[in-house]
1. Determine, for each peptide in 185-198, 124-137, the mean count of other beta carbons within 10 angstrom over its residues, then list the peptides with the highest first.
2. Looking at the chain, send over the antiparallel percent of its DSSP beta bridges, to the nearest 5.
3. Between N44 and A239, take the C-beta separation as r, use R0 = 45 Å, and let me know the FRET efficiency to the nearest 0.05.
4. Where Lys and Arg each count +1 and Asp and Glu each count -1, what net charge lies around S55 among other residues with Cβ under 10 Å from its Cβ?
5. Just to verify a number: FRET efficiency for T163 and E201, C-beta to C-beta distance, R0 = 30 Å, to 0.05?
6. Beyond 18 Å between alpha-carbons counts as too far, so tell me which of K24/K194; K227/K248; K93/K207 fall in that bin.
7. Taking 35 Å as R0, compute the FRET efficiency from the Cβ-Cβ separation of A224 and K23 and round it to 0.05.
Amino acid sequence: MSELLNITTRERICQIVLNRPEKKNALTLAMYAGLAAALLAADNDPQVRVIVLSSSGDSFCSGNDIADFIAAASRPGAVEAPLRFLQTIASLKKPLMAVVSGAAVGIGTTLLLHCDLVIASDQARFQLPFARLGLVPEGGSSLLLPQLVGHRRAFELLVMGDTFSAATAREMGLVNRVVMHSSLQDLAMLEAGKLAALAPEAVCQSKAMLRSYTQKQLDAVLVAEVKQFADRLQSAEAAEALQAFVEKREPDFSRF
């Protein structure tokens, strides 16, 4: 797992780097488990004040590894690792920053809803193609995205599933700042350093206050979404969509 996640801590900043560029940083079940463990360890490390999630290569995260999920779909407990990751990222005490360098698809976008700051490259692109894959929203997005952008826009993003730009993500509040790609890493670490220099208890308490009124509802939604997502993985619609993805063709839902 260490080769797929690079973890370094320096100057009170823990940086967790998705390092599977040849697969556009698509997440396997093992990577979900590794991410949950890394996030929890950083959250409990007294030397860490800020957690930064970034990536290597030209993609931030292209979503779930389709082949891995097809293979795991019929196994009992296959959803435990993704659920554990989501519960962890949604309950971190310390501030979490995401640095989005390229494509963010599916979970690559929904995990941003749990981040406290998001800095994106002007080359970043976002997509939530759940219905296109015969699936349903995950990552708390059925709750958090309507809260952020309203029902109609959330429906468009989660159901129609078109790609949208970093500028659009900034306009809707999913991203804090969009910067030139060449400056992304330097500017993101500058912001992380500013955050790490603030009073740590005040920062953590402020974050807790912002989340306190919706945390219980979010916890319930995460569990419900994962259950429905697992059920959809077993559906004929998802089977057709995932097979079409592997075969690099458009899915045919005309018989459903």
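Each reported figure results from applying straightforward, stated rules to the coordinates on display, with no laboratory input. Computed from a predicted structure; not experimentally measured. Because the Cβ atoms are built from the backbone with ideal geometry, glycine has one as well, and the counts that use them run over all protein chains shown.
1. The densest-packed peptide leads the list: 124-137, 185-198.
2. Values: 8 of 30 bridges.
Once the DSSP bridges in the chain are tallied, antiparallel ones form about 25 percent.
3. 0.65
4. +1
5. Working: r = 40 Å, r/R0 = 1.35.
Computed FRET efficiency for T163 and E201 comes out at 0.15.
6. Pairs exceeding 18 Å: K24/K194; K227/K248.
7. Step by step, r from the Cβ atoms, then E = 0.75.
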